[in-house]
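Novice: Quick one: this structure, given as structure tokens, is what I'll be asking you about.
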Amino acid sequence: MLTQVPLPLLPHDAAEIAPGVGVVSGPDGGGVVWVHGLATFAWDAGDEAARRLAAVQLVQLNAATQMQVAQAFGVIPVSVWRWAKALAGGGVAGLVPAAKGPQRASKLTPQVIAQIRELDRHGAGKAAIAAATGVSESSVRNVLRPARPAADGVPAGQDPAGTSGSAGTGPAGTDAGVAEPEVLPVLPDPVPRDGERALARFGLLGEGAAPAFTPGARYPLAGLLLALPPLAQCGLLACARQVYGRLRNGFYGLEVMLAVLVFMALLREARAEGATRIPPAALGRVLGLDRAPEVKTIRRKLAELAAAGKAADLQLALARHHAAASPGTLGFLYIDGHTRAYFGKRDIQKMHLARLKFPGPATEETWVTGSAGDPLLVVMAQPSSSLAAQIRDLLPALRDITGPGARPVLCFDRGGWSPALFADITDAGFDLLTYRKNDTGKDTPALPGTAFAMASCTGDDGRKHAFDLADTTTGLTVSEGEHKGRVLTLRQVTRRKPGDTRQVHILTTRLAADLPAAAVIYRMTSRWREENYFRYGRAHFALDALDTYAITAEDPARMVPNPAKKTAAAAVKTAKKTLADAAAARQEKLTALHSPAPGTSTMITNQALAQLDAPVDAARRDLDAATAAAKAIPAKIPLDEHNPAMVKLDTETKLITHAIRMAACNTETILARALNGRYARAGDEAYALIREALHTSGDITTRGNILHIRLDPLSAPRRTRALAALCEQLNTAPATYPGTTLTLHYEVKEHPGTA
């Protein structure tokens, strides 16, 4: 046995693979591998099997690592791993490259093609034509289908790189655009990723694995790929890349993680825990991976994004993207607060829960939606803050989103009533639209019937709306803040309904020339579109779900309502009641003295009156003392004096998941609206059809730079036809698969019930 390590001798023209190991490449493509001065492996030009054998055995002999061999042989580490697997399974014969291109000549000869077209001209059905010509129905459809791009002419499952000659000609000289496609394997195994996962484990892979699709049929959840074009339109992936840059090195990159979370939301499993109810292999196939990330990975990636502290920047970036892509939806911005109830054990701020009709632990959010009700922006509000305060805090962000020259109308309900806020809105260059709120103890004067007239307008859906209206002006005096004493002149549009004596007053600063009276009513009542999003989001996208158990410390200096003030106010109320009861009892006794029974007499003395006044005087002194004590107690105190242990729920993760669910909702809405004019029941069934389409299966193949998705038919022929029309529309503005240069192309198989 040698006791000395062999000298690392290499020829002068060898490229080093590892210490003492190198390869000498010949000019004709052959090569020799040297190991410690010995020529160990060699192959001739064109002998790919011998070349692969040399690479595998270098790794098996521990002469070099898989990464080093892959770099020397010009491949990725996964290729070396595949060669080793092929050698173990089939010997050296397993290393011989498979022949590329079609494995047999096409049945669609020029004579058969002419016969098919002749039968079609005589009105024969596709099944009859297939039976008469001896080919499949799919071949008949390919022949009769209009001419398509050359990239689409590559048969399904065939490697486009292996085609020879021109892109439109097959090996037998037939037209490849009408060649009969090969039978796709059903649910083939995905591309093995064990090597990449091993590299990712040590941080050597980069940010994420690149998608790689295995051609196959009946892939579950293939319909999710319909969401990619509208998702790109929403800008989530681009904005996240702009804000966060990249994730740490790992198998799943930023785009993949966001796409996974959007897909889960579209499958109605918006929480990370929902990954347990979606087969990882099925979702992984539409991602171009072997498996989708599971719960632990999703939580870890979300925590990594939350740790960056840029969730608010992501929300603003998405809003700016929406404004740039759809500026027509920013004419009216609907603003409302949303209270998210919390049912856990943490001690967080309580506030009024309108849906539950009682106070409880919750967090407050401020939402902004566009004129169509699509979510635009959400920010976390301070606990127990009023809607007016929330809108005031939002004004700089809204100006940043809409641009310096825009003057959108801010629409909100009576919760934002504040003349001081109205002054801030107009000074910031916005118009406002809100319901008028009565002053405390006063009613807004009703307008006479002669002031009303019928007016109509056309809504966004093209339908006409008629209202009985009065268009007047009114003045409001600001009673607080920096604008105290300022008088605002606002336009007031009053509506009354037939058979109802009540009048509803709506205030706006937009002139009648720009916003007719009927349009004022239509736009104000359209505020319910935002409420509809809240309802739809809770039912379908887990809008109020608790996405993380993380908490953060509350601001100890935050001013909160003083509970002692409430106790003091209760004492004042009790003292007032005691005084009222004492005064009533005194009056009753005094009345009895003034009205003695018939036949009797009573003498009223100062002493008797003093005795009657004594309880009243005592109650009045108690009331004065209670009032003085209540006045001396501050209305608000710092939080650390009230409850230093109070915490708040993590906001970063929630804002990130809100951005994902907003993108999912907008994606679904874009697809549903695309059915208008293409589906007779779009008004009632558009969203249901899209949900079914996203869950459907289909075939996935790669044809050159095209990722071809051929979806299975839906539950009814009319739905299948609508989906086919939707696919045609998506193909007119092709999108690319995230992280690749693959262009998406959609198609739908014919429904069995279609003649």
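The values are calculated or read from the model by the stated rules, or taken from the named source; none is laboratory data. Note that the structure is a prediction, hence the values are computed from the model and not measured. Here the Cβ is made from the backbone with ideal geometry for all residues, glycine too, and neighbour counts use every protein chain on show. For the accessible areas, the whole protein counts, side chains as well, though only heavy atoms, and no ligand, DNA or RNA atoms are used. Shrake-Rupley method; radii C 1.70, N 1.55, O 1.52, S 1.80 Å.
Novice: Round to a whole number: what % of the accessible area of the chain belongs to carbon and sulfur, probe 1.4 Å?
Specialist: 56 percent
Novice: Shifting gears a bit: May I ask for the net charge around Leu261, where only other residues with Cβ less than 12 Å from the Cβ of Leu261 are counted and Lys, Arg are +1 while Asp, Glu are -1?
Specialist: Surrounding charge for Leu261 is +1.
Novice: Scan (i) 1.00; (ii) 1.37; (iii) 1.05 for the value of Cα Rg over 2.2 N^0.38 Å calculated from this model and give just the label.
Specialist: Of the labelled values, this structure produces (ii).
Novice: Counting only heavy atoms of protein chains, what accessible area per residue, in Å², does region 422-524 have with a probe of 1.4 Å?
Specialist: Ligands and nucleic acids excluded, the figure is 55 Å² per residue.
Novice: What are the aspartates and glutamates whose alpha-carbon lies under 19 Å from the alpha-carbon of Lys749, with same-chain residues fewer than 8 places away excluded?
Specialist: Glu137, Asp152, Glu180, Glu182, Glu692, Asp699, Asp712, Glu728
Novice: For an R0 of 25 angstrom, estimate the FRET efficiency from the Cβ-Cβ distance between Arg246 and Ala324 and round to the nearest 0.05.
Specialist: E between Arg246 and Ala324, to the nearest 0.05, is 0.60.
Novice: Shifting gears a bit: Within the chain, what's the longest stretch lacking GluC sites (Glu not before Pro) that sit in DSSP loops with no more than 11 other Cβ atoms inside 10 Å?
Specialist: With GluC sites (Glu not before Pro) excluded where exposed in loops, the chain gives 1-479 as its longest stretch.
Novice: If you split all Cα-Cα distances of region 626-755 into 10 Å bins from zero, what percentages do you get per bin, shortest first?
Specialist: Binned Cα distances yield the sequence 10, 27, 23, 11, 7, 9, 8, 4, 1.
Novice: Between the helical axis of 652-673 and the dominant principal axis of the chain, each derived from Cα atoms, what acute angle in degrees is found, rounded to the nearest 10?
Specialist: On a 0 to 90 degree scale, this one is about 70.
Novice: Gain in length, Ala303 to Arg268, computed as 0.36 nm per residue apart minus the alpha-carbon separation, to one decimal in nm?
Specialist: Length gained between Ala303 and Arg268: 10.4 nm.
Novice: Taking a cut-off of 15 Å between Cα atoms, list the aspartates and glutamates near Lys576, but don't count ones fewer than 8 places away on the same chain.
Specialist: Straight-line reach from Lys576, under 15 Å: Asp617, Asp622, Asp624.
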